[in-house]
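**Student:** If you scroll down you'll find the structure; I have some questions about it.
The numbers here are math on the coordinates, done by the rules we state, and not lab data. Note that the structure is a prediction, hence the values are computed from the model and not measured. Cβ coordinates were reconstructed from backbone atoms using ideal geometry, including for glycine residues, and neighbour counts include every protein chain displayed.
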Amino acid sequence: MPTYIYAITAADHPLRLDGLNGVGDPPSALRTVKTKALGAVVSDTPPDLRAKRRDLVAHQSVLERLMTDGAALPMRFGLVGPDDDQVRTALEEERDSYTTRLTELDGRLEYNLKVSREEQSVLREILAESAEVRRLSEYTRQNPAAQDEKVALGELVSREIQVRHEALAGELLSALAPSAERDSRADPTKAHFLNVSFLVKRDEAAAFSQAVHEEAERRGDDYEFTLNGPLPPYSFV
C-alpha cells in the first residue's frame, strides 16, 4: 500500500503522536519508519485522498506537534511514497542531506509576509512623477477615441507600477532581512507585490514580529502587511 509522508525527523526526535490521527476517513493510524539516523512519520494513504479541510488539518496538526519538540522537515500535503521500504531506502540514501537540513532548521520557524499597496496611492504617485503619464492621461481625456494613446498609457502605467513594486519589495527585504536568518521570495500574488518567507530563530520570533509591525507603521495606511506564522518551514526544506 502507498505510504503517506508527513515529515522527516532525527531518529531520536520525541514522537508524541498520541491523540493525533492521519489523513483519510476514517482517519489512518500514524506510525514511523526509521533508520539509525532518521525517522519519517507516515500513515497508509487513503484511496480517495483530496485536499479536504479535514485532511489538511490532520496533516498540519502532525507537523505542529513535531515542531514543538524539535526540528522536523515538513512534507507538503499529498506526498506519497510507494511503500514503507521505499521510504526507508530514501532516508538511507539521503541521510547526509536530510541531517544537514535538520541541523539548519533546529530551533527555527517560518513566517510568511505578504504586502500590498492601495492602488490609488500608486497611481497618484505615478501621475505626480511621470510627465509622460500626465501627457497621455490628459490627451486621452480630451480625445476619447484615441485608442493607440490609451493602449500606450495603460502599458506605461503597468510598467511604472511594476518598477515601483520591485523597488518597494527590495526596500522591505533590506529592512527586515537583518531580523531573520534567511528569506525566500515567492511570486507576487494578484493582490500583493511582496510575498516572502523568513526563517527566524524561535527565541527571536517576537523581535521579528515587532520589526514587521514597526515597518508597517512607518509605511502608513496605504500599505497592508499580512504576517502569518509561525509555520512549518516549508520554504526552507
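**Student:** If I fit a long axis through the Cα atoms of helix 119-129 and take the longest principal axis of the Cα atoms of the chain, what angle between them do I get, 0 to 90°, rounded to 10?
**Tutor:** Value to nearest ten degrees: 40.
**Student:** Shifting gears a bit: Would you work out which of G78, T68, Q147 lies farthest towards the positive end of the dipole of the chain, given +1 charges on the beta-carbon of Lys and Arg and -1 on that of Asp and Glu, about the Cα centre?
**Tutor:** G78
**Student:** Nearest 20 debye, what's the magnitude of the dipole of the chain about its Cα centre given +1 on Lys and Arg Cβ and -1 on Asp and Glu Cβ?
**Tutor:** Values: 30 positive and 41 negative charges, 73 e Å.
For this selection, approximately 340 debye.
**Student:** Compute the angle between helix 95-105 and the longest alpha-carbon principal axis of the chain, please, reported from 0 to 90 degrees and rounded to the nearest 10.
**Tutor:** The angle comes out at about 60 degrees.
**Student:** Further question: In the chain, if the dipole is taken from +1 on Lys/Arg beta carbons and -1 on Asp/Glu beta carbons about the Cα centre, which of S174, L194, A51 is farthest to the positive end?
**Tutor:** A51
**Student:** Highest mean first, how do 221-232, 147-158 rank when packing is the count of other Cβ atoms within 10 Å averaged over residues?
**Tutor:** Output ranking for 221-232, 147-158: 221-232, 147-158.
**Student:** Let me ask another. Once Cα extents along the principal axes in Å is worked out from the coordinates, which option in [x] 74, 40, 32; [y] 68, 30, 30; [z] 70, 35, 30 does it equal?
**Tutor:** Entry [x].
**Student:** Continuing with this model, one more query. Can you tell me the equivalent ellipsoid semi-axes for the stretch 1-117? Use √(5λ) from the Cα gyration tensor, largest first, whole Å.
**Tutor:** 21, 21, 13
**Student:** Follow-up. Compute the helix-to-body angle for 84-93: its Cα long axis versus the longest principal axis of the chain, expressed 0 to 90° and rounded to tens.
**Tutor:** Here the helix axis deviates by roughly 70 degrees.
**Student:** Let me ask something else about it. Taking K190 as the anchor, which lysines have their alpha carbon closer than 28 Å to its alpha carbon, excluding any fewer than eight residues away along the same chain?
**Tutor:** Straight-distance partners of K190: K52, K114, K150.
**Student:** OK, next. What does the net charge come to around G22 if you take all other residues with beta carbon closer than 10 Å to its beta carbon, with K and R at +1 and D and E at -1?
**Tutor:** Details: positive: R31; negative: D44, D55.
Value of the local net charge: -1.
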